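Comments concern the structure below.
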Amino acid sequence: MITTETHGQAICLVDPNMPRLTAATATAFKDEVSGLIDKGYDRLVIDLAGVGFVDSSGLGALVGLLKKVGNRGEIVLCQPADSVMQMFRITRMDRVFKFLPDRAQALDALKEG
Amino acid sequence: MQIIVADDDAVQRRYISIAMARLGHDALEAANGEEALALLMENKARIVVSDLDMPVMDGLRLTQEIRARKLDHYVHIIMVTGSGQSDDHKHALEAGVDDFMSKPFDAPTLRVRIGAAARLVEHERQMAEKTRVLHEAHERIRSDLEAAARAQRRMLPLGERSIGDYGFAAAFLPSTFVSGDMFGYFTLRPDRIGFYAIDVSGHGIQAALTSVAFGHLVTSEYFATHAIGADGRPDPARLARVLNGRFYKPDDDSYLTMFAGVLDVNTGEVVFCQAGYPMPMLARPDRTVTPVGDGGFPIGLWEKAEYHNLRLRLEPGERLVICSDGAAEAEDADGVAFGDGRLGALVARETARPTKELPDTVAASLAEWRGGQPLADDLTVLVLERSPTP
């Protein structure tokens, strides 16, 4: 179960609360965050600091969310561990997602934007 | 329901049988345990009402004999004991008796005891039927999956093959029956070889449907049409671009990673496009191993993805070792990944051994790392070698 912290009408901080975002967990994670987007929270910070492993399904779920918020919204990721970051680099998704070092900076970026 | 009534006292036996008939059951009479056992083997009776004391074979022995036979259904045994035989109950329970009735018994007691036994037997029959139906369904699914797995393997150029000075060897291990991996290689023109390996996100049947569809789509003609530019130059990035257009769907999270290359057999030059696939390793005879590529967008993940070509030269005796992420991500019992480091060291150690052995060696090392646990993700190992100069 993800935990969330809303900031205003559209901004929401999401903690996946899972050490691994994989085929086993990605669908449930995506469904939960999709629910938030449906409620109008389409400016999201997803904190990946506690996620130690993301597999291909996990990446698919994150990109699926990015596709869902589309041009209306924005997703900022809090910098994950280097091993997870490698997954984003090798698939070039480091160029598609916006990464910031921590929650405060990520939230500031969304509030300014 | 058939019920066996075992009692050496003919009057008592008759009394019980008539009571059973009144309850709508079909009593089969036996004068001792041996006769009861013979009846049980010949008929479908699931309930035995047996006297404890009988000549030839008593009720306790009969119970032990029934339990020892490990029948494919349960037999409910009700033991009839005289007054003052309650000490025998413990032994009888240990032998496998389910219920007791004391003599003299009356019709109402008999009715409720038999009613309870009949309910249990009926419940057991229904459970057995459900189990049978589930087992049949499971067998059908398993045999379907095995047929699908065979069909998928038939699509792959497995084993060892030589094309001129170049040799291919491969290992292909689905995590469950069918795989989201696929690979292929073809002679495009007398002096060119095209090859690819893909890994569909996730694994299992859904991923396998995509990988098989990809395998049927990307024939040698398709590869030659799209991975060679209008000017005749190799352009696997163009292939990636075409495939991205084909596999991208706005409402679908699945995608695939690909490594595709075009080899010039005369020069050993490989023009390749790395579309999110793990970096292959270039292994030299001096045991140095270097990763190849700098990453790239997967196929079907991002609509505006851009693709580019890179080049390398495969010198005589050098190998290109392509492994799906199932290799580096394979975890041991403590959750430690095999990792690129160990994979590179393994490939380096094996440089002196024949290319054809390398894919199976990698698979065996991963199996050992997993400590006997099956792989959690599909595995492909594809090795391309240029023969050493004679």
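The values are calculated or read from the model by the stated rules, or taken from the named source; none is laboratory data. A quick note: this is a predicted structure, and the numbers were derived from the prediction, not measured. A quick note on method: Cβ atoms are made from the backbone with ideal geometry, for glycine too, and the neighbour counts reach across all protein chains shown.
Some values worked out for this structure:
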read-out	value
Selection within the stretch B:101-115 - out of contact with any Asp or Glu (no Cβ under 9 Å at 6 or more places or on another chain) and not in a loop (DSSP other than H, G, I, E, B)	B:M101, B:S102, B:A107, B:P108, B:T109, B:L110, B:R111, B:V112, B:I114, B:G115
The stretch B:371-387, residues that are at pLDDT 90 or above and loosely packed, with under 12 Cβ neighbours inside 10 Å	B:G371, B:P374
Strands (runs of 3 or more DSSP E) contained in the stretch A:1-79 and holding at least 2 residues within 22 Å of A:V96 (Cβ to Cβ) and not basic (K, R)	A:11-15, A:43-47, A:74-78
2 or more residues under 19 Å from B:A240 (Cβ atoms) and in contact with a Leu (Cβ under 9 Å, 6 or more places away or on another chain): qualifying strands (runs of 3 or more DSSP E) within the stretch B:258-367	B:269-275, B:319-323
Qualifying positions in the stretch A:74-113 - within 22 Å of A:T6 (Cβ to Cβ) and of a type in the set (G, A, S)	A:A104, A:A106, A:A109, A:G113
Residue in the stretch B:5-14 that is in contact with a Ser or Thr (Cβ under 8 Å, 6 or more places away or on another chain) and polar (S, T, N, Q) present	no
Any hit, the stretch B:241-249, residues being in contact with a strand residue (DSSP E or B) (Cβ under 6 Å, 6 or more places away or on another chain) and more than 14 Å from chain A (Cβ to nearest Cβ)	yes
Checking A:I75 against (1) within 14 Å of chain B (Cβ to nearest Cβ); (2) surrounded by fewer than 16 Cβ atoms within 10 Å (Cβ to Cβ), the condition it does not meet	(2)
Count of residues meeting criterion [β-branched (V, I, T) and part of a loop (DSSP other than H, G, I, E, B)] in the stretch B:218-257	2
The stretch B:303-333, subset surrounded by 13 or more Cβ atoms within 10 Å (Cβ to Cβ) and among the acidic types (D, E), residue nearest to B:S201 (Cα to Cα)	B:D325
Residue list for the stretch A:100-109, filter: surrounded by fewer than 16 Cβ atoms within 10 Å (Cβ to Cβ) and not small (G, A, S)	A:P101, A:D102, A:Q105, A:D108
Within the stretch B:187-216, considering residues that are part of a loop (DSSP other than H, G, I, E, B) and more than 27 Å from the chain's Cα centre (by Cα), the one modelled with the lowest pLDDT	B:P190
Residues satisfying the stated conditions in the stretch A:88-113, i.e. more than 9 Å from every other protein chain (Cβ to nearest Cβ) and of a type in the set (A, V, I, L, M)	A:L100, A:A104, A:A106, A:L107, A:A109, A:L110
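Table: residues versus (1) within 30 Å of B:R353 (Cα to Cα); (2) facing chain A (nearest Cβ under 10 Å); (3) buried (at least 20 other Cβ atoms within 10 Å of the Cβ); (4) of a type in the set (S, T, Y).
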site	(1), (2), (3), (4)
B:H216	no, no, no, no
B:V270	yes, no, yes, no
B:A283	yes, no, yes, no
B:T288	yes, no, no, yes
B:G300	no, yes, yes, no
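Here's the yes/no breakdown for (1) touching a residue at least 40 places away in the same chain (Cβ under 8 Å); (2) crowded, with 16+ Cβ neighbours inside 10 Å; (3) in a loop (DSSP other than H, G, I, E, B):
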{"position": "B:E34", "(1), (2), (3)": "no, yes, no"}
{"position": "B:A38", "(1), (2), (3)": "no, no, no"}
{"position": "B:A45", "(1), (2), (3)": "yes, yes, yes"}
{"position": "B:V48", "(1), (2), (3)": "yes, yes, no"}
{"position": "B:P55", "(1), (2), (3)": "yes, no, yes"}
{"position": "B:L60", "(1), (2), (3)": "no, yes, no"}
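This table checks each residue for (1) touching a Lys or Arg at 6+ places or on another chain (Cβ under 9 Å); (2) at pLDDT 95 or above; (3) not hydrophobic (A, V, I, L, M, F, W, C).
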| residue | (1), (2), (3) |
| --- | --- |
| B:L282 | yes, yes, no |
| B:A305 | yes, yes, no |
| B:L310 | no, yes, no |
| B:V321 | no, yes, no |
| B:S324 | no, yes, yes |
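Here is a yes/no grid of residues against (1) polar (S, T, N, Q); (2) more than 19 Å from B:L375 (Cα to Cα); (3) surrounded by fewer than 15 Cβ atoms within 10 Å (Cβ to Cβ); (4) not assigned by TED's automatic domain parsing to the domain that holds B:L382:
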| residue | (1), (2), (3), (4) |
| --- | --- |
| B:A149 | no, no, no, yes |
| B:E160 | no, yes, no, no |
| B:G164 | no, yes, yes, no |
| B:P174 | no, no, no, no |
| B:M182 | no, no, no, no |
| B:F186 | no, yes, no, no |
| B:P190 | no, yes, yes, no |
| B:V200 | no, no, no, no |
